[in-house]
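Heads up: the structure comes next, in structure tokens.
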Amino acid sequence: MRYRDDKVARSIGLALSNEAWIEHFGCFKPLDGSLNQPLALRYHGHQFQHYNHELGDGRGFLFAQLQDKAGRLLDLGTKGSGQTPYSRRGDGRLTLLGGVREVLATRYLQHLGVNTSRSLSLIETGEALQRHDEPSPTRSAVLVRLSHSHIRFGTFQRQAFFNNTDNLENLVDYCLRHFYPDAEGPAGLLAACAHNSADMVASWMACGFVHGVMNTDNMNITGESFDYGPYRFLPTLKSDYTAAYFDHNKLYAFGKQPDIMYWNLAQLAQSLSLICDDKALIAALERFSTAYQEALARHVFRRLKLTPKAPKEDMAFILKMFKYLEQSQAPWPQFWHDWQGGEAPKESPNNSFYQGDSFAEWKALYSAYETAGAKDEGLLASLLYDEIGALWEPIDKDDDWSAFHAKLKQFNL
């Protein structure tokens, strides 16, 4: 046992000893009243906007489903649990480093107010893995995540690919029943998904998160961020900053994330067009832009602890701020810490960046807003790439997890 989130476990009624926990989440003994055997699912997807029909759960599966106290359906899914019929040539395993990175990502994103899957469990398996992109042999782990749904955009794409309209309709009915009971029909589902997806990507932009691989098979129908592979958090604002070393054309760069999300939703709309009128789907898609701008303002002003005014003024403020941050290359995490709930302290290490015309223009706008909460006097919480490396080194060399657990405590949850 390397990590277990007892707070999340209690929230869903799981009270297990360490021994029982490992039985269920390391060896996958079925949970009482849930699935008798796990489900590995097939799906298709656009990977870097090229269609791939050979996808599926290759190193994970849906292990269990349950309902929370509000009756909401929740999924427990795995990562690194071994080969499935859809593993292709992979070993179906997860490196321990990959598991550590995902726990850190989900905890930090939750801290920042992003709708994300939760890392429920991380268990080291004792296997030695061979990987081409990190020193090998390397340690192996299995992770269990809690999420609202396992249904991806690519789940719909596969049914459309085979022109299976009956399955498409069943899939729509399933999603409406469990996730969007107030929506109606395929267009209603698309509109609700677009709204939640707009909120998700807006929250990424407000916290400087770069997903890295925004393929349609990595997009969740409930607008929930999940499956953290090559992610990054901005050290400074660069619109073309990418997380994946293999994203040579910078398709999934930080500044492109809203446009990519819209493109992905359009692929979902295309799949739904087999069972829905195009005009209704286009109308649903057109809501994305407004929903995104509203969500971006909501997340930015929440993070800065300011009271928003009016949409046009608020968006002008945000655009000025992003322009300043890109021009100045002021360290991103420190900036948000400094200007949360009041002006930056005089002793801030960022003070040399708080000058120049673009800063003065933004500062004039900032001064006209009222604060909506006290300034955060706590420690600056961040999760930059080098920080993850520094947390991993003592684990790798000495099996020392103290820095990892200390970092988690910074993310006040």
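Overview of results
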item: Residue pairs, from the table Lys279/Lys305; Lys7/Lys29; Lys238/Lys279, whose Cα atoms sit over 31 Å apart; result: Lys279/Lys305; Lys238/Lys279
item: Mean Kyte hydropathy of -1.0 or more with a Cα span along the axis of at least 27 Å, helices from DSSP in the chain; result: 185-207
item: Chymotrypsin sites (Phe, Trp or Tyr not before Pro) within region 227-329: DSSP coil, no more than 14 neighbouring Cβ in 10 Å; result: Tyr245, Phe246
item: Estimated 222 nm signal from helices in the chain, with DSSP H stretches of n ≥ 4 weighted -39500 (n - 2.57), rounded to 500; result: -13500 deg cm²/dmol
item: All aspartates and glutamates inside 17 Å of Lys69 as judged from Cα atoms, apart from same-chain residues fewer than 8 positions distant; result: Asp6
item: Cβ-derived FRET efficiency at R0 25 Å, Asn412 paired with Ser367, nearest 0.05; result: 0.30
item: Top of Ala194, Ala253, Ala374 by mean-square fluctuation, Gaussian network on the chain, Cα under 10 Å; result: Ala374
item: Listed residues Ser136, Ser119, Ser149, most fluctuating in the chain (Gaussian network, C-alpha, under 10 Å); result: Ser136
item: Full-extension gain in nm, Ser358 to Met1, via 0.36 nm per residue minus C-alpha separation; result: 123.5 nm
item: Cβ-Cβ FRET estimate between Thr307 and Ala128, R0 fixed at 41 Å, reported to 0.05; result: 0.15
item: FRET efficiency for Lys279 and Ser239, using Cβ-Cβ distance with R0 set to 41 Å, rounded to 0.05; result: 0.75
item: Residues of region 213-227 with amide N under 20 Å of a point placed 7 Å along Cα→Cβ from Asn52; result: 213-221, 225-227
item: Peptide ranges 9-18, 359-368 listed from the most packed, as the mean C-beta count within 10 angstrom indicates; result: 359-368, 9-18
item: Long-range HN-HN contacts of Leu55 with modeled amide H, under 5 Å; result: Tyr43
item: Top of Lys79, Lys397, Lys309 by mean-square fluctuation, Gaussian network on the chain, Cα under 10 Å; result: Lys397
item: Rough spin-label spacing in nm, given labels placed 7 Å along Cα→Cβ, for Ala70 and Ser136; result: 4.4
item: Gain in span if fully extended, Arg287 to Asp400, counting 0.36 nm per residue against the direct Cα distance; result: 35.8 nm
item: Between region 352-375 and region 15-88, the alpha-carbon center distance in angstrom; result: 46
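Read-outs throughout are calculated quantities, based only on the coordinates presented, and are distinct from any laboratory measurement. Quick caveat: nothing in here was measured; it's all calculated off a predicted structure. For neighbour counting, all protein chains shown are included, and Cβ atoms are generated from backbone atoms with ideal geometry for every residue, glycine included.
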